[in-house]
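Everything below concerns the one structure shown next.
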Amino acid sequence: MINKNFQKLSDSYLFTEILKKTKDKKDAIRMGIGDVTRPLAPVVVEAMQKAVVEMGSAKSFRGYGLEQGYPFLRQAVCGYYARKGVELKDDEAFIGDGAGSDIGNVLDIFSRDNSVLIPDPVYPAYVDNNLMMGHEIFYMNGNADNGFLPMPDQSFSKAKIIYICSPNNPTGAVYSADQLKLWVDYAIANDAVILFDAAYEIFVQDKDLPTSIFQIEGAKKCAIEFSSLSKTAGFTGTRCSYTVVPHELIRDGTPLNKLWKRRQETKFNGLAYIVQRGAEAFFTDEGIKQSKENIAYYMQNAKHISETLQKLGIWHTGGKNAPYIWLKCLDDMTSWEFFDYLLANTNIVGTPGSGFGANGEGFFRLSSFGSKESVCAAMENLTREVN
Ligand code: MLT
């Protein structure tokens, strides 16, 4: 009767577990889940307000929209890619309600007997989604030796679905263009499809690093890209994402764009018009400029965390091209031991590295999405405790 694959999942999802454990700690400094705190950009708010007024008038009211998103927003997404030097057709970009949801939903278009390749450590939703589907999972090890950026290896060739997250959640590591080219060549040679999670692309500060897999030659033949306005423009509560499925991506003689479109027509009713107008405003020059002020704010927090850890002699990485700092737990504690220790002694809630995979054991993730004041307070507490 039930999908027995669910029995392979842990009792609760990583971030739910953290919430459960800390629900009575009302004054805790929350640096666990990567939830944004800066408000929506003024142009976004203005566009949404205008859309609300439109919906309140019989003349401009709109009912069901297109499942794939309104053409104005699909064009705006293509315009964003054009700035990165990537040319897309409007119908290659699909509007969704979250990169996390689409990265799971996309599995509908692949057969159940696929094997998948997932980096470890990584965003836990990839593993959970594939466990639910009953897919065979192979893991590729990320560690300090490879800079948490595993590279292709023929021993994984059975896996035809490959997850890549760059900038990586949780480690903040970013693949270079040369490294991504090796992944693209590998996927083409092995007839595999890369599911590229670019949710943190806007945090990349180093101009030489790619922010889309489609900046890499050949990628349109082997990749689907997922991204979102959640972290980019403060839409974690508002919801809006985009998924790019190029026409050139063909498997078993079928364009995957056609399958994804068909899937969305049946299972998705599209995103609210009001939200799509807000998202459209983000993609304007002014919207990007205003939203980037928030990104700079978070990156300043990340810098402060990194400098504090540096002073305290705590090994860490990330925080330069991503909003997460990935650190080594003190005194060889396990990730959850360190979670309890940090909460009890510094009032900081972080995320245990082991929640992102076996290679995350002994590591810990701090998010820079809080307010400046809370991050400063957290770093003061940590300094007092460690010194
Ligand atoms: C995280 O903390 O890793 C993310 O916020 C989770 C998510 O985006 O769903």
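The values are calculated or read from the model by the stated rules, or taken from the named source; none is laboratory data. Everything quoted here is computed from the prediction, not taken from an experiment. Positions of Cβ are generated from backbone atoms using ideal geometry, with glycine treated the same way; all protein chains shown enter the neighbour counts. Accessible surface is based on the protein model in full, side chains and every heavy atom, while ligands, DNA and RNA are left aside. Shrake-Rupley method; radii C 1.70, N 1.55, O 1.52, S 1.80 Å.
Points to keep in mind about this one:
- Mean Cα-pair separation over length for the chain, i.e. relative contact order, pairs under 8 Å, 6 or more apart, %: 23
- Residues in the stretch 43-284 average 40 Å² of solvent-accessible surface per residue, probe 1.4 Å, ligands and nucleic acids excluded.
- Length-normalised contact order for the stretch 178-262 - Cα pairs under 8 Å, 6+ apart - percent: 25
- Carbon + sulfur, % of accessible area of the chain - ligands and nucleic acids excluded, 1.4 Å: 52
- Estimated [θ] at 222 nm from DSSP helical runs (n ≥ 4, -39500 (n - 2.57)) normalised by residues in the chain, nearest 500: -12000 deg cm²/dmol
- Test item: Cα-centred dipole of the chain, Lys/Arg +1 and Asp/Glu -1 on Cβ, debye: 860
- Partner aspartates and glutamates for K303 [C-alpha distance under 19 Å; skip if fewer than 8 residues away on the same chain]: D35, E201, D206, E293, E373, E380
- Cα-based shape type of the stretch 1-120, given that a ≥ b ≥ c are square roots of the gyration tensor eigenvalues and the cut on a/c is 1.5: oblate
- For S115, the residues 5 or more places off, or on other chains, whose built amide H falls under 5 Å of its own are K160, I161.
- Restricting the calculation to Cα atoms, the chain shows an Rg/Rh of 0.96 when the hydrodynamic-style radius is the Kirkwood one.
- Amide H contacts for C165 (H built 1.01 Å from N in the peptide plane; partners 5 or more residues away or on another chain; cut-off under 5 Å): D197.
- A straight Cα-to-Cα reach below 19 Å connects K267 with the lysines K258, residues fewer than 8 places away in its own chain not being considered.
- Under the span-like rule (Cα at least 27 Å along the axis, Kyte-Doolittle mean at least 0.5), DSSP H helices of the chain: none
- Taking only the Cα atoms of the stretch 144-273, the ratio Rg/Rh comes out at 0.98, with Rh defined as the Kirkwood radius.
- In the stretch 43-284, taking the dipole from charged Cβ atoms about the Cα centre, the farthest positive-side position among V184, I164, C240 is held by C240.
- Cα pair count fraction exceeding 26 Å, expressed as % - the stretch 207-362: 50
- Excluding exposed DSSP-loop GluC sites (Glu not before Pro) (at most 15 other C-beta within 10 Å), longest clean stretch of the chain: 249-387
- Selection from I194, F110, Q276 lying farthest towards where the dipole of the stretch 43-284 points positive, charges on Cβ: Q276
- Cβ charges +1 (Lys, Arg) and -1 (Asp, Glu), total dipole of the stretch 3-117, debye: 440
- Three-way shape label, the stretch 248-336, alpha-carbon gyration tensor, a/c 1.5: oblate
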